[in-house]
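Here is the structure we will look at.
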Amino acid sequence: MRLPQPEKSNLQPGLLVVLVVLSLLLTTLWYREGAGGPVHKVRLGVQAVVAPVGAVGEFVTRPIRGVFQWIGDLGVSRSQLEALRLQNEKLRNTVATLEEARLENLRLQSLVNFAQSSKLKSLGAHVIGRPTQWDRVITLDRGTADGVREGMPVVGTLGTTPAAAAEASAAGGLIGQTIDVTAHSAKVRLITDQSSGVASTIQSNRAEGIVHGSIDGGLSLDFISHETTVKAGDVVITSGMGGVFPKGLLVGEVTKVTNQPSSLYQDIVLTPSAGLGGVEDVLILVGAGPQVQTGSGE
Amino acid sequence: MNRVLPTIAAILAATLLQVGLAPYIAIGGVVPDFLLLVVVTLALVEGPTAGASAGFAAGLIFELIGSGPVGPMVLVLAVTGYMAGLLHENMFAEGWLLPLTVLAVASIASTLAYGLMLDLLGVGGPFVLTFFTKMLPEALYDTALGLLIYPWLARFLRQDRPMTTFRRLA
């Protein structure tokens, strides 16, 4: 590039130093002030203002995304694919629910299962904001005005509209947990976020571990010892430990198990039960989730 | 004053695009950074002082609309804007190569610095994996977008001076 008559730049190293110091002070303030501090409040205010912009973007780009989705689905008709997806999700959830109920009867324990989870009050919501590469957080169109609070679990739905979702109960897979909530929007940290951790159980053998996300969007089940038999296809559900997520929500399915002799635990890779990539409608379990997980920056 | 208004308008437009468009044109989970595009362009046409100031403002906006800690990107974009602005006086090559090279380097440098800052704060991910899956793709994406946006944005920001860059494109 050439500017026809180059101007003399006004170098002001002092200004840069001031800005650097200010940014460091801002970072310190962010970590020191806690959730009720001024910077946190400003962020909630900004997010309340920009949330409608995200909703507009979601609406405007929907046809374009639909075209790309259609191109990706070439070879199978769109309606057929949608029907198969829906059927598959229903069957997987049904199998998981029945298996959980059977094991509960055997152990004569009155545990919370999907049927009981479905008694939790839930609220359908649209996704109006998508994740970035730095954090896997989505934005929903529900907020404190609808009864949403921080720390509430969010699950995928069987329906395609909020109304259908509300009727579909909480049988979908776990998606994440609300973190920042404004009057009419809520941010949800997905379980695939690297700072997410979900206390979970392998349904077949009751082994307990923690499901972690990762920077590349993968899911892993950690802290499962070598003595535990884990195989591909095993279903992983929330254990209810810690009181953050209700017990019995579908988390994912084991896809790969690696036993490294040098490692204390098995490397277990999961596929999320809920389709997190293109999720458009979710259920917020407004009757659950008394605590907030510690996440990035909190 | 006549330069301030286009600057503010560009940053506001970048904010709207970042919130309303960027997440929906992500490729493989990689989201373009419109705010970085504006900061680097502004730095190249206005110099280090404007670049640093715009970087500070854009970084603050980026983090207020995001979910991570507030502060690291403010620092990173302020420094990036200043460093890119130092090249303002040295813009000698006519054409698209130099500004786009600066944009690519600035994108990689800023994402690297941001990743390091997150690591220092204990909220980062595996660095090598992040570099290849996030930082490098984002730099490529930003550079590709820069090819489309830079000439018009540069002319918009400096309407008082004719620019020969991208004459055929813009």
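Of note:
- Filtered residue count, the stretch A:38-47, keeping only those that are free of Cβ contacts under 8 Å to residues at least 12 places away in the same chain and either closer than 13 Å to B:G71 by Cβ or among the hydrophobic types (A, V, I, L, M, F, W, C) (or both): 3
- Residue selected from the stretch B:14-30 under the condition surrounded by fewer than 22 Cβ atoms within 10 Å (Cβ to Cβ), in contact (Cβ under 8 Å) with a residue 24 or more places away in the chain and among the aliphatic types (A, V, I, L, M), by the criterion nearest to the other protein chains (Cβ to nearest Cβ): B:V30
- Scanning the stretch B:41-67 for residues that are in contact (Cβ under 8 Å) with a residue 40 or more places away in the chain, part of a helix (DSSP H, G or I) and of a type in the set (G, A, S) turns up B:A43, B:A50, B:A54, B:A57, B:A58.
- If the condition is being touching a helix residue (DSSP H, G or I) at 6+ places or on another chain (Cβ under 6 Å) and of a type outside the set (A, V, I, L, M), then the stretch B:50-70 contributes B:G51, B:G55, B:F56, B:G59, B:F62, B:E63, B:P69.
- Which listed residue, of A:V236, A:V181, is among the β-branched types (V, I, T), touching a helix residue (DSSP H, G or I) at 6+ places or on another chain (Cβ under 9 Å) and at pLDDT 90 or above: A:V181
- Inside the stretch A:212-237, residues that are buried (at least 21 other Cβ atoms within 10 Å of the Cβ), within 14 Å of chain B (Cβ to nearest Cβ) and outside any strand (DSSP E or B) make up a count of 1.
- In the stretch A:254-272, the residue that is surrounded by the most Cβ atoms within 10 Å (Cβ to Cβ) out of those that are at pLDDT below 90 and closer than 30 Å to A:V286 by Cβ is A:P272.
- Scanning the stretch B:118-139 for residues that are touching a Ser or Thr at 6+ places or on another chain (Cβ under 6 Å) and more than 8 Å from chain A (Cβ to nearest Cβ) yields a count of 2.
- For the stretch B:95-117, residues that are of a type in the set (A, V, I, L, M), more than 9 Å from every other protein chain (Cβ to nearest Cβ), closer than 21 Å to A:P131 by Cα and in contact (Cβ under 8 Å) with a residue 12 or more places away in the chain total 3.
The values are calculated or read from the model by the stated rules, or taken from the named source; none is laboratory data. Note that the coordinates shown come from a computational prediction; the quantities given were computed from them, not determined experimentally. Quick reminder, even Gly has a Cβ in these numbers, built from the backbone with ideal geometry, and neighbours come from all protein chains shown.
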